[in-house]
Each structure stands twice: as structure tokens, then as C-alpha cells.
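Input: a single structure, listed below in C-alpha cells.
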Amino acid sequence: MSIIFQPLKIGSMEVKNRTVRSATYEGMADEIGAPTEPLMTMTEDLAKGEVGLVVPGFFYVSPEGKGTPHQSSIATDETIPSIKKMVDRVHDAGSKVCAQIVHCGRQTNPDWIGGQTPLGPSPVTFAPTGITPREMTLEDIHRVIDAFGQAALRAKKIGFDAVQLHSAHGYLLSAFNSGYTNRRTDEYGGSPEKRMRMVLEVYRKVRESVGPDYPVMIKLNSADYIEGGTTIDESKIIALRLAEEGMDAIEMSGGIVEGSKRSAWTGIKTEEEEAYYLPYAEEVKRLVGDRAKVIAVGGFKSPRVVERVLEEGRADFVALSRPLIREPFLVKTWKEGDMKRADCISCNLCLSEVMTGGRTRCHPLEKERAKLQKK
């Protein structure tokens, strides 16, 4: 059997194979942030498609932490019944499911958070909107830390098998880690050790809320690709500290909206171009060893590349996102013996409507289907 389909544990959770659906904004929640039928179907299809661990993205933990109009919410108990239906459908289809929780920080619009000024570690203008966030007070910081803890507890009560902290792509936890967005001079800013204090305290609050045996994961930026931003050397320090404190799995991603490279790279056409964040994941894996599982993400399309990464021990799991938007049953296809390369063309149009409130979808696939219908 291919190593792709060998089970492995993340903390106390056994995942049936080494594939993860990396959380992606779907834009399929209703006005209160509850999953709609299309979102439930999407996550269920991923499970039916044999993805080992499905990570829906991304649940905001407090009202001002909402980043897009149709983002999912775990900020209150109001959305629990709908979320539970989604979780149950994934379980019934045979996969594990993890809640990714986030505060979007400065990367939002006042129109989406009740007219409030977005929050950030420092008043550094968010270039895409031209909006300058309000620097968080210590009271704000402690309130948000508590909100992460409460959200994680809701996730556990709902029935999620794990929870993942979103500390990548410029969102609030990522922004605290970064010297580009965090220019504070108090205990939450300055040196890399002080900047990482926010994510460490969030992890500790989450761990306190869910208990020692519940799997807690994190999506971490390896590099921001902007002057003054997070570097891999800084990320390695954060990763090691989290692993030492009991973090169960670390997914190494990268890029922020304002950087020279985004989180998802375009134009990936060859196997050699795949796995673009793998070097960072590999460095972290060597550093943390068996203390935490490491998840590699970034441009994976070919089963041969996935197998090679896992067999060489460069990562414990491989996460896919864009290919599964186009082909939710891709992993099942591999399991049935067709080791085809994903059809995804890395155009990134699937996220082209995110900032205006649209939903994530594969535009090229929809165009192809429209042509066939005309015929």
C-alpha cells in the first residue's frame, strides 16, 4: 500500500491516511455565519473523496474578527446546530474533521464588522483597502485570547476531532508574529520572542479550554515575503516553542497579501514546481522531531511528489486545497489506483471573488461545463 494511505496519529486522533484538506475560505456561510447546504455538501464530498482530515476554513472567533461577508462563525452558540450537521456528515462519510479558528485582524472591512475600525497589533495601513487598523490595547488582546479559548471549546463540544489556530497569511496571530505589522514596544512587540507572545498565550488558553488530550494544530507562516516581515528563522523559533508546549501538528504555509508572494502560487505546471513550502516544512520537521507532526502544503498535485515527501520523512502529512476545489474526489481516485496528476491549473481564480464577498469555486471547470451544456 502506498504510504499516502497509511494511517497516522495527530495527538490522540488517528487519521486514516496522510492527506489533509488545507483550510480555504469558501464563502458559503449565511448571514449569521452558519454553514449553508452547499458548504455542508462540499465538506461531505471531501470526506467521500477519501481526504483523511477535512479542515473547513475559517471560523471567526469574535464579531470584529470577521474578514469576509460570508465567512463561517464559531463566535457564539448560535451557529452550533448547523455546524454540527456539517461535522456529522463528514464523520458519516468516514473522515476526521478539524475546525480552523481565526481572528482576521486588520484584513477586513468596517462594513463587515458593524462599522468598527479593524484591529491590529500596530496601526499599519492594510494596503489593499487603505484602512489603518486601531492598535489593540492590552484589554483587546486579553479579550481576543479568551475568544479563541471559547471558540476552541465550542469546536470540541460540537464534535470536531481537532482545532487549528490560523497564524498565517497576515491574519491577527500572524500579524503579531511579524515585524512588518507588529511595531509595538510593550510585552507583545519588539523582539521575535515578544512578538510570539500572542500566539503562545492563545495556544495556552486553547489548551486550557479543551484539555490535554484534544488535538490542537496550527497553520503557521514560514515567511511573509516582505521587508521586515516574518522569516523562516523566526518561524522555526515559534514552531519549536509551540511543539515544546504540546502543539500536536504544525502546517507550514507562507505569504501575505502585501508581500511579493501570496499564499497560493500560480502557474505550477511541473512536478519540480510543486511543494513550494516544503523546504520550510522540512526544516521545521528536523527541528521538532517527534514532538509534533508537520504538515506540508503548497502546490501539491502529483501523487508521486506526495509519496516521495512522505517516504523521505520530510513531512508527516501533505495538505491540498486548490486541487480539491476542482476535484474533491481526487484522493479517492489515487486510492483506486489511478495515480493521475490533479487537473488544477494553478490559476488561482478560485479565490478571485473572496475580497468582494463571493464564494470559492473553480472558474475553469465551470466554463468547461458550460461549454458542454451548450453542445
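The values are calculated or read from the model by the stated rules, or taken from the named source; none is laboratory data. Just so we're clear, the structure is a prediction, and the values are computed from it rather than from any experiment. Cβ coordinates were reconstructed from backbone atoms using ideal geometry, including for glycine residues, and neighbour counts include every protein chain displayed. To get the accessible areas, we keep the full protein, side chains included, count just its heavy atoms, and leave off ligands, DNA and RNA. Shrake-Rupley method; radii C 1.70, N 1.55, O 1.52, S 1.80 Å.
Just a few scattered comments:
- The single condition among (1) within 11 Å of Met198 (Cβ to Cβ); (2) under 17 Å from the mean Cα position of the chain (by Cα); (3) not hydroxyl-bearing (Ser, Thr, Tyr) that Gly170 does not satisfy is (1).
- Residues (part of a loop (DSSP other than H, G, I, E, B), open to solvent by 10 Å² or more (accessible area, probe 1.4 Å) and closer than 17 Å to Ala47 by Cα) located in region 89-117: Ala93, Gly94
- The residue of region 130-174 that is nearest to Ile226 (Cα to Cα), among those that are polar (S, T, N, Q) and open to solvent by 10 Å² or more (accessible area, probe 1.4 Å), is Thr132.
- The single condition from (1) open to solvent by 10 Å² or more (accessible area, probe 1.4 Å); (2) in a loop (DSSP other than H, G, I, E, B) that Met247 fails is (1).
Yes or no, residue by residue, for (1) farther than 18 Å from Ala292 by Cβ; (2) assigned to a helix (DSSP H, G or I):
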| position | (1), (2) |
| --- | --- |
| Leu173 | no, yes |
| Asp186 | yes, no |
| Tyr203 | no, yes |
| Ser209 | yes, yes |
| Asp213 | no, no |
| Leu220 | no, no |
| Glu227 | yes, no |
| Glu234 | no, yes |
| Ile237 | no, yes |
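- No other residue among Ser222, Ser253, Ser209, Ser235 is in contact with a helix residue (DSSP H, G or I) (Cβ under 6 Å, 6 or more places away or on another chain) and surrounded by 24 or more Cβ atoms within 10 Å (Cβ to Cβ) apart from Ser222.
- Some residue of region 263-285 being within 17 Å of Ser22 (Cα to Cα), of a type in the set (S, T, N, Q), in a loop (DSSP other than H, G, I, E, B) and open to solvent by less than 10 Å² (accessible area, probe 1.4 Å): no
- Top-ranked residue in region 36-55 [being under 17 Å from the mean Cα position of the chain (by Cα) and of a type outside the set (A, V, I, L, M, F, W, C); ranked as nearest to Lys96 (Cα to Cα)]: Gly52
- Being assigned to a strand (DSSP E or B), among the β-branched types (Val, Ile, Thr), open to solvent by less than 30 Å² (accessible area, probe 1.4 Å) and closer than 29 Å to Met339 by Cβ is a property that Val294 has.
- Against the conditions (1) open to solvent by 10 Å² or more (accessible area, probe 1.4 Å); (2) in contact (Cβ under 8 Å) with a residue 24 or more places away in the chain; (3) on the phi < 0 side of the Ramachandran plot, Thr76 satisfies every one except (2).
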